[in-house]
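Q: Below are the structure tokens for one structure; questions will follow.
The values are calculated or read from the model by the stated rules, or taken from the named source; none is laboratory data. Fair warning: this is a prediction, and the values are worked out from it, not measured in the lab. Heads up, the Cβs are rebuilt from the backbone with ideal geometry, glycines too, and the neighbour counts pull from every protein chain shown.
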Amino acid sequence: MTHATPITDDRHDTLAPVTVRSGRGTARQTIRVDTDLWDRFGAAAEQSDTDRSEAVRAFIRWYLREPGAKMPRRPDASTGDHGETARSD
């Protein structure tokens with residue numbers, strides 16, 4: 001396991017940079033996410049025919065502007081099936 005040096009500035013992110021090899025060739029990253037938020041994210045990912053891991057990887061590729069990367073598709077907010085109230089954002 002690799003532990004990064006603690007962040008000493010006033011950042012408020014909750015990323016815990018811990019890397020573990022899963023045996024499948026891909027490093028496992030650990031982050032802190034509120035349980036309710038994580039559960040709703042899982043339901044939303046399922047509704048979009050994906051899983052949390054693929055949605056996070058797609059977001060990271062998009063965020064880093066990798067060639068051909070697209071922002072992950074979000075589920076339809078009007079259905080409310082993913083445990084969130086419909087919003088107009």
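Q: If we keep just the residues of region 3-51 that are of a type in the set (K, R) and not in a loop (DSSP other than H, G, I, E, B), which is modelled with the lowest pLDDT?
A: Top of the filtered list is R21.
Q: If I filter region 52-72 down to residues being loosely packed, with under 12 Cβ neighbours inside 10 Å and closer than 22 Å to Q29 by Cα, which single residue comes out as modelled with the lowest pLDDT?
A: So, considering only residues that are loosely packed, with under 12 Cβ neighbours inside 10 Å and closer than 22 Å to Q29 by Cα, the one modelled with the lowest pLDDT is M71.
Q: How many of the residues in region 45-63 are under 17 Å from D76 (Cα atoms) and touching a Lys or Arg at 6+ places or on another chain (Cβ under 7 Å)?
A: 2
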